[in-house]
1. Filter the range A:145-164 for residues that are farther than 19 Å from residue A:34 by Cα, surrounded by fewer than 23 Cβ atoms within 10 Å (Cβ to Cβ) and within 12 Å of chain B (Cβ to nearest Cβ) and give the result.
2. Examine the range B:268-276 for a residue that is buried (at least 21 other Cβ atoms within 10 Å of the Cβ), over 28 Å from residue A:81 (Cβ atoms) and assigned by TED's automatic domain parsing to the domain that holds residue B:404, and state whether such a residue exists.
3. I need the full set of residues from the range B:75-98 which are exposed (fewer than 15 other Cβ atoms within 10 Å of the Cβ) and either in a loop (DSSP other than H, G, I, E, B) or in contact with a helix residue (DSSP H, G or I) (Cβ under 6 Å, 6 or more places away or on another chain) (or both), in order please.
4. Going through the range A:103-114 one residue at a time, which ones are in a helix (DSSP H, G or I), within 12 Å of another protein chain (Cβ to nearest Cβ) and under 20 Å from residue A:130 (Cβ atoms)?
5. Every residue in the range B:303-323 that is within 11 Å of another protein chain (Cβ to nearest Cβ) and either touching a residue at least 60 places away in the same chain (Cβ under 8 Å) or assigned to a loop (DSSP other than H, G, I, E, B) (or both), please.
6. In the range B:255-267, what residues are within 12 Å of residue B:304 (Cα to Cα) and crowded, with 16+ Cβ neighbours inside 10 Å?
7. Look at residue B:282 and say whether it is more than 14 Å from chain A (Cβ to nearest Cβ) and out of contact with any helix residue (DSSP H, G or I) (no Cβ under 9 Å at 6 or more places or on another chain).
8. Give B:189, B:212 a once-over and let me know the one that is part of a strand (DSSP E or B) and either surrounded by 13 or more Cβ atoms within 10 Å (Cβ to Cβ) or not assigned by TED's automatic domain parsing to the domain that holds residue B:147 (or both).
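The values are calculated or read from the model by the stated rules, or taken from the named source; none is laboratory data. None of the values given here were measured: they were computed from a predicted structure. A quick note on method: Cβ atoms are made from the backbone with ideal geometry, for glycine too, and the neighbour counts reach across all protein chains shown.
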């Protein structure tokens with residue numbers, strides 16, 4: 001079977017003081033090939049833990065992750081990851097960063113060069129190919145990170161708040177770029193975000209998680225990602241459905257945060 | 001103390017003078033000049049080139065003026081020692097109350113010059129107090145024995161000097177110096193020393209330069225200057241190289257593997273605070289005073305520094321970079337060579353700079369203890385013959401070489417790891 005299957009994952013961290021934290025409890029998700037899914041939730045709901053398990057950086061306490069029918073046991077090139085920031089290799093040029101994946105596979109130079117050139121053109125860094133990454137702005141660096149991930153041609157792209165450190169204007173541009181790349185490459189993408197707007201824009205499917213223990217709370221099917229492909233994202237945001245969904249989800253998360261705060265206070 | 005006060009005065013004067021002059025002539029409009037808050041803003045503080053130049057010049061000036069150097073005009077010299085002819089008149093009294101006058105003619109000259117004393121006219125020297133002539137070297141004092149002045153009058157005593165009465169343990173100041181009477185009634189003459197330093201303590205700059213030219217032409221104790229310096233450099237480079245090729249992989253292993261870290265941590269943490277100089281005696285016992293000993297010492301000096309630098313270089317890798325490399329399909333070996341090694345280079349370079357500095361200091365110290373050739377050997381040998389000019393020349397050369405090594409390392413760093421501090 002193709003696609004990504006998250007099968008009844010639980011994750012429990014033992015603390016040094018003898019206690020333990022239930023970071024995830026019985027999370028199951030089936031993500032079809034080519035699906036764009038965003039994950040939203042208050043801090044501490046286990047979204048990053050979930051992503052790290054799918055990436056293979058963490059092994060779940062119970063349950064398993066399957067990609068195209070085989071069980072995930074560790075990180076691999078089939079599951080690419082885009083981090084918030086600081087994951088580029090600053091000792092390499094932009095070009096070298098993007099060709100890192102192909103180079104690791106031992107792909108012939110001529111072939112990888114073609115892929116890198118094409119991707120850097122796509123993300124709009126045509127004139128920056130031989131620059132050092134530390135000479136680029138934050139937004140440009142994230143473009144490099146996207147291109148680097150795509151150069152490896154992964155089946156699934158995992159994005160851990162890739163736009164979280166960018167300013168509002170750059171962020172909006174990058175959101176358009178993510179949608180464009182999704183449509184052009186047809187990759188399965190899981191995107192974690194703190195921003196409700198971003199989750200609505202960049203999710204055909206939106207999963208809201210709840211904390212303590214981290215679990216799935218609600219799921220939505222949304223039209224905005226399709227609408228936003230090669231369109232003006234501000235127009236999408238003006239859509240009445242967008243506004244009402246945003247309010248609905250915001251108040252949902254707000255309630256969760258309130259509940260956590262209340263609970264901590266009563267504990268204290 | 002005086003020198004310190006003079007130095008502080010020069011510092012204050014230069015600072016005030018510079019800010020007055022700058023206020024008159026220049027109005028810059030760079031970022032710093034437009035800042036209203038500069039005190040406490042570290043970025044507004046840069047090294048003032050003018051201050052650096054004046055600082056070096058004033059040390060040089062103090063050196064010149066306290067050594068009476070010919071490189072600066074005479075009015076900049078502090079008072080020198082008394083040099084020239086002086087006469088000390090004295091009067092002796094016999095037990096029967098009779099007195100007689102005598103005179104001591106003194107020629108005080110620099111150690112490098114010969115005395116120029118006219119012979120005394122023995123016929124004119126009547127009475128029991130004899131005239132004497134005295135050949136003295138500047139900065140030295142001389143005892144003029146009572147028996148030499150009054151050989152024929154064992155009971156007579158000297159009662160006045162320069163017309164002023166004197167008693168045992170008394171002092172009489174005369175223009176050319178100080179005359180002291182010992183408790184046995186002899187006279188001690190100490191010509192005025194002035195403020196200048198004796199060449200044997202601090203030679204003038206031109207003496208040092210002359211010595212440098214001489215030694216770079218003829219060598220010292222049959223070893224050329226170049227040979228001395230290159231032996232020291234050679235030891236440093238070999239010791240540092242050996243320390244690095246062992247230390248860096250060991251540091252990587254300690255950064256990557258718990259067993260390695262647990263095993264070597266106590267050793268490294270124990271050896272790190274032990275100054276390499278403290279190892280010299282043991283090294284000499286074990287390896288002798290020849291090259292093996294010195295290179296082992298420098299190896300040890302560099303080793304711990306490089307181990308710690310490599311270990312912290314590995315610990316400094318951001319986990320996101322490691323995750324990124326793995327999820328891009330890197331193997332463990334590829335992660336090590338493509339990510340961990342380049343990422344740790346800035347730390348390793350910082351360690352290498354420290355290690356080079358420590359090695360350079362250690363080699364000189366080791367050569368002071370025992371060596372046939374080397375910069376340290378040269379200065380310790382010179383100090384045994386009180387060739388202070390060679391000692392100072394050696395110290396200056398050692399400083400210049402140490403500083404040059406650091407500058408070269410910094411240039412290499414800029415060229416090899418341009419991303420340092422930009423992550």
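1. Within the range A:145-164, A:161 is the sole residue that qualifies.
2. Yes: one or more hits.
3. Passing the criteria: B:76, B:79, B:95, B:96, B:97, B:98.
4. Of everything in the range A:103-114, just one residue is in a helix (DSSP H, G or I), within 12 Å of another protein chain (Cβ to nearest Cβ) and under 20 Å from residue A:130 (Cβ atoms), namely A:103.
5. B:317, B:318
6. Passing the criteria: only B:264.
7. yes
8. Within the list B:189, B:212, the selection yields B:189.
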